[in-house]
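Working notes, structure below.
Just so you know, all these numbers are worked out from the coordinates, no wet-lab data involved. Not measured: the values here are computed from a predicted model. So basically every Cβ, Gly included, is an ideal-geometry build from the backbone, and we count neighbours across all protein chains shown.
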Amino acid sequence: MRKVDYPDPVEGGSRIHYTIYITNTAGVVLNGVQVLDVVSTGTYYASSDPEGVSSGSTVTWTLGSLAAGASRVLRLTLGTYTGFRGTVTNNITVTASGGIVAVTWRRRG
């Protein structure tokens, strides 16, 4: 998994754009693939493509099956509250059926 963010740093009252690249490197089909993105305090969900489900501080995408070697691209836009100062921390976990954790990614910045 790889994740790109811009702008960096971000100012309060502006938006942060993330592009998330998910690749199945397991060599087998993964079923029940979900991506969970826990967003930082001081930010809020603005939009995503494909549409994710936002609940509290977590955005969830249900991707279904991902063939061996297949990739998916997710785009996420977060807003920051006016007056926000501090560090944005972003945590992503990709899971598959059977409790398999494919990858966890953390970004502070």
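Details
- Added length on full extension, which subtracts the Cα-Cα distance from 0.36 nm per residue, residue 44 to residue 89: 15.0 nm
- The charge dipole of the chain, taken about its Cα centre with unit charges on the Cβ of Lys, Arg, Asp and Glu (plus for the first two, minus for the last two), comes to roughly 220 debye.
- Label reach from residue 97 (point 7 Å along Cα→C-beta): in segment 20-48, amide nitrogens under 18 Å belong to 24-35.
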